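Everything below concerns the one structure shown next.
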Amino acid sequence: MPEPQSQVLVLTAPEAAPCLKGMLTDTITRIIAKDAVIDSRWLSPGEAWELRFVTQADGGKHLLRQAATILIGLPVDINLMSDEGPRRRKKLLVADMDSTIIEQECIDEIADFAGVRDQVSAVTESAMRGEIDFAEALTSRVALLQGLEEAVLDKVIKERITVMPGARTLVRTMKAHGARAALVSGGFSYFTERIARIVGFDTNQANRLSIEDGRLCGKVVPPILGRDAKRAALISEAGRLAISLRDTLAVGDGANDLAMITEAGLGVAFRAKPIVAAEAKAAIRHGNLKALLYLQGYRRDEFAR
């Protein structure tokens, strides 16, 4: 007789505000029948907890609603997923860069040096919400940078760009357990090449800025890497490893990440726009990127240092 299918409820709180308490998790556990509980455990005391249980007739929706009510007002991310056993730990990570692996949008920071930040940022935000075509938005924004000195790009890296908390731990931990990590961005290779080295990615892909005589030409070297190219990169990297897409994790925040997020075995919307969060299998709004390890069932003491 086949074993009953199971699901896992994962609660994660910010590292700086580990607000999960045993009283809360006990109350959530009692929502479902005692004989439906498989097990529960702390992945990190106060910060991450999971409950594995036999799949309910309603797909766990009642548990999800009740958990949200119990945790109302607390900065806790609540994610309900199929329990894949050992396959929860993915063999490939494909990540967006801007506002995901780093805390900024590179093009907005470049635009600041050109004196057109407000104009560029407005288009960036609209493109990330999926309101306008990504390629058109990128082309129009880059055109506003024409004539800017190439040296500004280095200034942006040194003075403006910060790595998202948890990024290094996410990449290094997954790699320590045999996974491959790819940085795939609709931004620019000047930045992905450097960020990939800093964080520890195995490979990176992005758009290339046209530069002549030390100045930006206001153009992107075709073809433009956008939504479809990100999905293609996920599929290509999985094929290279000879693994199923079920064994992949994709993370991003904008509409151009949506195709790879929905294609991946575990697609995570990280501090994402509503259109992305609505379709992703999991969403993190409060925690940092270490939360993606908890979603895969890693305990804090398994994190790479």
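Put a plus charge on the Cβ of each Lys and Arg, a minus charge on the Cβ of each Asp and Glu, and nothing anywhere else: the dipole of region 215-275 about its Cα centre is then about 280 debye.
Which is farthest toward the positive dipole end of the chain among Ala196, Ser244, Pro274, measuring Cα position about the Cα centre, with Cβ charges +1 (Lys, Arg) and -1 (Asp, Glu)? Working it through, the farthest residue towards the positive pole turns out to be Ser244. Which of Lys281, Lys90, Lys21 moves the most in a Gaussian network model of the chain with Cα springs under 10 Å? Highest fluctuation of the listed residues: Lys21. Which entry in (1) 22.5; (2) 20.2; (3) 23.2 matches Kirkwood radius over Cα pairs in Å derived from the coordinates of this structure? Read-out from the structure maps to (2).
When the listed pairs Lys175/Lys281; Lys219/Lys281; Lys34/Lys281; Lys61/Lys290; Lys230/Lys281; Lys34/Lys61 are checked against a 28 Å cut-off, the alpha-carbon distance exceeds it for Lys219/Lys281.
When the alpha carbon gyration tensor of region 93-248 is reduced to an equivalent ellipsoid, its three semi-axes come out at 27, 17, 14 angstrom, largest first. Shape class for region 1-104, computed from the alpha carbon gyration tensor (a ≥ b ≥ c): oblate, with a/c not under 1.5 and a/b at or below b/c. Taking the alpha-carbon centroid of each part, what is the distance from region 152-167 to region 100-116 in angstrom? When both Cα centres are located, 9 Å separates them. Each residue of region 202-210 is assigned a 3J(HN,Hα), and the resulting list reads 7, 8, 8, 9, 6, 7, 10, 7, 7 Hz, derived from the Karplus form 6.51 cos²θ - 1.76 cosθ + 1.60 (θ = phi - 60°), x at Gly and Pro.
For the chain, the longest principal axis of the C-alpha atoms and the axis of helix 167-176 are separated by about 70°. Return the whole-Å distance between the Cα centroid of region 6-70 and the Cα centroid of region 238-271. Using only Cα atoms, the two centres lie 25 Å from each other.
Here the calculated FRET efficiency for Arg246 and Asp58, from their Cβ-Cβ distance with R0 = 25 Å, stands at 0.55, rounded to the nearest 0.05. When the Gaussian network model of the chain links Cα atoms closer than 10 Å, the mean-square fluctuations of Arg65, Arg285, Arg88 top out at Arg65.
Any read-out appearing in this document is the output of simple, stated calculations on the displayed coordinates, not a laboratory observation. Remember, predicted model here, so these are calculated numbers, not experimental data. Counting neighbours? That spans all protein chains shown, and the Cβs are built from the backbone with ideal geometry, glycine included.
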